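Heads up: the structure comes next, in structure tokens.
Every number in this text was worked out from the coordinates using simple rules, so none of it is lab data. Note that the structure is a prediction, hence the values are computed from the model and not measured. When we count neighbours, we look across all protein chains shown, and the Cβ atoms used for this are built from the backbone with ideal geometry, even at glycine.
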């Protein structure tokens, strides 16, 4: 009893930290907004409040800052959750959202669209499409593979990923070095700087479709980590459940990378951070991962847009923060309760 | 409660692993399957558990052909206790036991009050409630085996299949685990275990099945079939069997110890 209460409390605290992070993120930026103005503008949408703020602020808040904060939180939440889910179904603590090639596929799709002078919307759409396509190819190849299905998936994931990476490299080679190449390079480093309302809405649909089953199936993820034979003898159709989890995780990963570009480390580091906070039971792990991921990417994105006059790509920041943090997590002594 | 296996054969490609196996278990009893490595014990278990379907012959659980049962239905009848192992993530003992209740709840839900109560009762029943909040990876091998046994109990299946439950355990833990299993049989469970320890089998089990090269070479009550010939046939070792404590316990002594030829 005490342990489950403790975990529920910790998840509650994470929720509060998330709310504080959102408020901080709203205030920061080229046009600082103070807390009073922030709540004034937000509440004026529901209650008739006489504006005591600059009209400009309202535009900044709704058209620039709100979509960006929303997207940062969502992408952080989705990449982390996908990481935790993949770690479960592949029985492998080192699994990350790009394990089945979703990121390499998205990178290829984005580069391909940029090469063909696609619009911002086309780039996102193409990234999303190729991301899903890559995972479908990986899955079909793994079905033909002999022996262990999990190993087959991971290996074909590595192979197809590297094929698409080669494709991306080729596109970079032939791209126009004055405008296309920098655009591709910048996309690959990951950024939320182009966040718009339409993008949030585009990503939101697959994200919700993916997150809901992951939340509902989180108890079964525990069983899947025990392996196929044990799952079956405990009454769980592991093949079926695994497929649903892979489809859901792929959807949220693809939706994330197609709007944010390549943001590494989040999907590996955050689930492990959440494991340290609430333990390995997926009942608590999934909510804790969702909240921690959102908090982490929100804070990192604040650094990205506020530290220098030009934005620092998110992928660079998550690697700088993520790698040492992961080293800390794996070298820290296990508390023995 | 019954398991009826008739004319069961199974092969991996050209390799015959099980060859025309026939036996019936009626009511609660403790069946020990003896046999050298590679005799087909694990394959037999995997067929009964519904993990292997490509077999010839019939396996009937309570009169229903195993192939016609869904995974969930088999799990309600039979619980499986693997050799103690380390899962990739270190769950608490309580969570590990609670996982056994999964078959009772619908796909999209989590264990509720009834399941939690069951898990607590199972921990208490096996005397390991003090391990409740410990990490499964941080307890001893014997304790892990008891945790897996508790996990099987909360599954509420009346048939338990154990894969070498005493392998890698120290002597004290072997006796502890076997005593617990024996008391479960008294409470109405049917238990099938594979083992490499004939002496303990003689005392603890009601029936012995001896397998070699995918065939059953002996089946019956221990006092009748636990003989020097059987040990020689199974393991290729000549032994002298010594009866102790009014034939409650029999010990196989390899003949070379007695100065005779093996």
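How do A:144, B:232 rank when sorted from fewest to most other Cβ atoms within 10 Å of their own Cβ?
A:144, B:232
What's the average, rounded to a whole number, of partner chain beta-carbon atoms within 10 Å of each residue's beta-carbon in B:93-100?
So the per-residue partner count for this stretch is 4.
From the Cα gyration tensor of segment B:99-175, with a ≥ b ≥ c the square roots of its eigenvalues, which class applies: rounded if a/c is under 1.5, or else prolate if a/b is larger than b/c, or else oblate?
Prolate, since a/c reaches 1.5 and a/b exceeds b/c.
Over all Cα pairs of chain A, how is the pair count split among 20 Å bins, expressed in % and running from 0 up to the last occupied bin?
Over chain A, the share of Cα pairs per 20 Å bin runs 30, 56, 14, 0 percent.
With 10 angstrom as the radius, rank B:65, B:143 by how many other C-beta atoms surround their C-beta, starting from the fewest.
Listed from fewest to most nearby Cβ atoms, that is B:65, B:143.
May I ask you to work out the translational diffusion coefficient for segment B:1-148 at 20 °C, viscosity 1.002 mPa s, via Stokes-Einstein with Rh from the Kirkwood sum over Cα pairs, reported in whole µm²/s?
The diffusion coefficient I find is 122 µm²/s.
What's the long-distance tail for segment A:213-264, i.e. % of Cα pairs beyond 13 Å?
The calculated P(r) of segment A:213-264 puts 60 percent of pairs beyond 13 Å.
If you average 1/r over every pair of different alpha-carbon atoms in segment B:139-231 and take one over that average, what Kirkwood value in Å do you get?
So the Kirkwood estimate lands at 14.1 Å.
Would you give the gap between the C-alpha center of segment B:113-140 and the C-alpha center of segment A:89-119, rounded to a whole Å?
43
Sort B:66, B:245, A:78, B:47 so that the residue with the fewest other Cβ atoms within 10 Å of its own Cβ comes first and the one with the most comes last.
Fewest-to-most Cβ neighbours within 10 Å comes out as B:245, B:66, B:47, A:78.
Percent antiparallel among DSSP beta bridges with both residues in the protein assembly as shown, to the nearest 5?
Given both bridge residues lie in the protein assembly as shown, the antiparallel proportion sits at roughly 60 percent.
In deg cm²/dmol, rounded to 500, what helix-only [θ] at 222 nm does the protein assembly as shown give when every DSSP H run of at least 4 residues adds -39500 (n - 2.57) and the total is split over its residues?
Only helices count here, giving -18000 deg cm²/dmol.
Would you mind computing the Rg to Rh ratio of the protein assembly as shown from its alpha-carbon coordinates, Kirkwood style for Rh?
1.09
Working only with C-alpha atoms, what are the Rg and Dmax values of chain B, expressed in angstrom?
Cα-based Rg and Dmax for chain B come out at 19.1, 65 Å.
Enter the mean number of other protein chain beta carbons within 10 Å of the beta carbon of each residue in B:129-138, as an integer.
That average works out to 2.
Whole angstrom only: what separates the Cα centroid of segment B:36-69 from the Cα centroid of segment A:133-198?
44
At 0.36 nm per residue, and after removing the present C-alpha to C-alpha distance, how many nm does the segment from residue A:209 to residue A:178 gain when stretched out fully?
Length difference between fully extended and current span is 7.2 nm.
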